[in-house]
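S.K.: Below is the structure I would like to discuss, written out as structure tokens.
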Amino acid sequence: MFNKVFPTFCIVIFLTTTISSSLKESVSYDGYALLRITPTTEHQLQYLLKLNANASNGLDFWLRSTAVNNSADVMVTPEAKRRLCRSLNNIRIPYKVLIQDLGRLIAEDQADTVIVPPGLEFFADYNPVDEINIYMRDLALKYPDVVSLIEIGTSFEGRPLFILRISTPFSEPKPSIWIQGGAHAREQIGPAVLLFIALQLSSSCNRNAEIFTLVNTFEWYIDPIVNPDGYEYCQIDRLWRKTRSRCPSSKCVGVDANRNWDFKWNDAAGSSTNPCSHNYAGPEPFSEPETRAIAEFMLDNLKGRLELFIDIHSYSQRWMTPWGYTTKLPPNYREQKLLAEVATKALETVYGTKYTVGSSGSILYTVSGGARDWVYGTLGAKYSYVVEVRDKGDFGFLLSRKQILPTVVETWTGVKAMACALSKWV
């Protein structure tokens, strides 16, 4: 059954006991660039694939290419940029510079003043883990009739793993919706999206009939920050991706929290056995306490009644169905795609942001050991998605703080439309 639930009368402020990352020297990205490279021949594509497989060449593929005329976004160190551009010119692969200096972009965003409406100040910044936890606690304190704070485990570095359960009181189990984010540490827009969804569900439940129906029909589970250790480490290294676990056989740290699930684990391109790779799948499935805690909670409490799963990531503006590990489509792909289109059409009405809908293997690239495939293939959720939110490369993982509020508002609009449609089907 449920792990530790914190009733409102005994919730206390929880601060991590690990050493503050602010005491360490930050990683500099001065002079680093982001290139968009588009192979136009099979030979050029194979060259890019070989570059991507090398974890020690100073290249970080933010988006990788899997087909001719399909672009890859690659972060390069100043030294690697000179070598790479020379090689690209030699074999005539078209490329352009998306971001000239990542360090300058980071500094400029930190210096910007972001103005948001009163009551939404939390969404003017990418907040540290402790503040995210306090925000979750405050929602449970303010809306005790519908919000519960649940501790489902502990991270590798000892941080509590909290989720929110949002629902009207019930005696019989309800259909459930699970939404999570923050698996990849540098995708910091994810936790912001999840907390905005939690705010809308809890604060509007008693004054908006549509929201009341959603909270009354479904049991919502919100996990804003799957990978709190990595997310917190981004205060030192803004572009850190993995968890912070240690590999005894390597000096390299961390596992890709979205390659560590026990479904087709390490079974396709997009995951790696190299501990130094950004896509390292781990020594075994569920080696990470963070992914293991979620899976155990779901198996204990939600199997057979989880209707909808959404894993928020960034970037590229895609709403993606299973499968991730293959280009084959799932049995109910047509229904999955239809529900995703409900979300993206609603989302587009807010600011005109356009999304692409399809299976991951078809519209992005193959990824094995992902949460979305495990939830669909093992837990049996009928609708399971990865959502890559803003943008399309102008900022990439460094999405400007000025875009936090527009992104969370439009994503919530899509999720709400999807849940409203689903409430008529269950």
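S.K.: Express in nm, to one decimal, how much length is gained between E131 and K50 on full extension, taking 0.36 nm for each residue of separation and deducting their alpha carbon distance.
M.R.: The E131-K50 span can extend by a further 25.0 nm.
S.K.: How many percent of Cα pairs in region 159-244 exceed 21 Å?
M.R.: 38 percent
S.K.: Evaluate the distance, in nm, between pseudo-label points positioned 7 Å from the Cα of L120 and of S250 along their respective Cα→Cβ axes.
M.R.: Label at L120, label at S250, 4.1 nm between them.
S.K.: Taking all protein chains as present, what is the carbon and sulfur share of the accessible area of the chain, in % to the nearest whole number, probe 1.4 Å?
M.R.: 51 percent
S.K.: Express in nm, to one decimal, how much length is gained between C420 and T349 on full extension, taking 0.36 nm for each residue of separation and deducting their alpha carbon distance. Please list the in-between numbers first.
M.R.: Details: separation 71, 0.36 × 71 = 25.56 nm, distance 1.61 nm.
Stretched out fully, the C420 to T349 stretch lengthens by 23.9 nm.
S.K.: For region 232-320, what mean projected area does the convex hull of the alpha carbons give, in nm²? Don't skip to the answer; put the middle values down first.
M.R.: Details: hull surface 29.0 nm².
About 7.2 nm², averaged over all directions.
S.K.: Okay, next question. Pull up the cross-link candidates among the lysines for K424, meaning alpha carbon to alpha carbon under 24 Å and not fewer than 8 places away within one chain.
M.R.: Qualifying lysines at Cα under 24 Å: K174, K303, K337, K345, K382, K416.
S.K.: Could you give the distance between the Cα centres of region 216-291 and region 385-425, to the whole Å?
M.R.: 22 Å
S.K.: Step by step: find N for region 355-415, compute 2.2 N^0.38 Å, then divide the Cα radius of gyration by it. What's the final number?
M.R.: 1.32
S.K.: Another one. Accessible area per residue, 1.4 Å probe, Å², for the chain: what's the number?
M.R.: Per-residue value: 41 Å².
S.K.: Checking a compactness column here: for the chain, what do you get for Rg(Cα) / (2.2 N^0.38 Å), N being the number of residues? If you can, show how the numbers build up before the last one.
M.R.: Working: Rg = 20.7 Å, N = 426, 2.2 N^0.38 = 22.0 Å.
Normalised Cα radius of gyration, the chain: 0.94.
S.K.: Calculate how many DSSP beta bridges within the chain are antiparallel, expressed in % of all such bridges and rounded to the nearest 5.
M.R.: Of those bridges, close to 55 percent are antiparallel.
S.K.: Still on this structure: Scan the chain and note any complete DSSP helix (H) whose C-alpha atoms cover at least 15 Å along its axis and whose Kyte-Doolittle average is 1.6 or more.
M.R.: Working: long enough: 42-53 (17 Å, -0.45); 78-90 (19 Å, -1.42); 129-142 (20 Å, 0.06); 189-204 (22 Å, 1.68); 289-301 (18 Å, -0.32); 333-351 (28 Å, -0.27); 404-423 (28 Å, 1.06).
Qualifying helices, which must be both long enough and hydrophobic enough, are 189-204.
S.K.: When only C-alpha pairs under 8 Å and at least 6 residues apart count, what is the relative contact order of region 91-243, in percent?
M.R.: It rounds to 24 percent for region 91-243.
S.K.: Once all Cα-Cα distances of region 85-208 are split into 5 Å bins that start at 0, what whole-number percent is in each one?
M.R.: For region 85-208, the pair-distance distribution reads 2, 8, 14, 17, 16, 11, 10, 7, 5, 5, 3, 2, 1, 0.
S.K.: D112 versus V97, label points 7 Å from Cα toward the beta carbon: distance in nm?
M.R.: Spacing of the two 7 Å Cα→Cβ label points: 2.1 nm.
The values are calculated or read from the model by the stated rules, or taken from the named source; none is laboratory data. It should be emphasised that the depicted structure is a prediction, and the values quoted were computed from it without experimental measurement. Glycine also receives a Cβ, built like all others from the backbone with ideal geometry; neighbour counts cover every protein chain displayed. The area values use the complete protein model at the heavy-atom level, side chains included, leaving out ligands, DNA and RNA. Shrake-Rupley method; radii C 1.70, N 1.55, O 1.52, S 1.80 Å.
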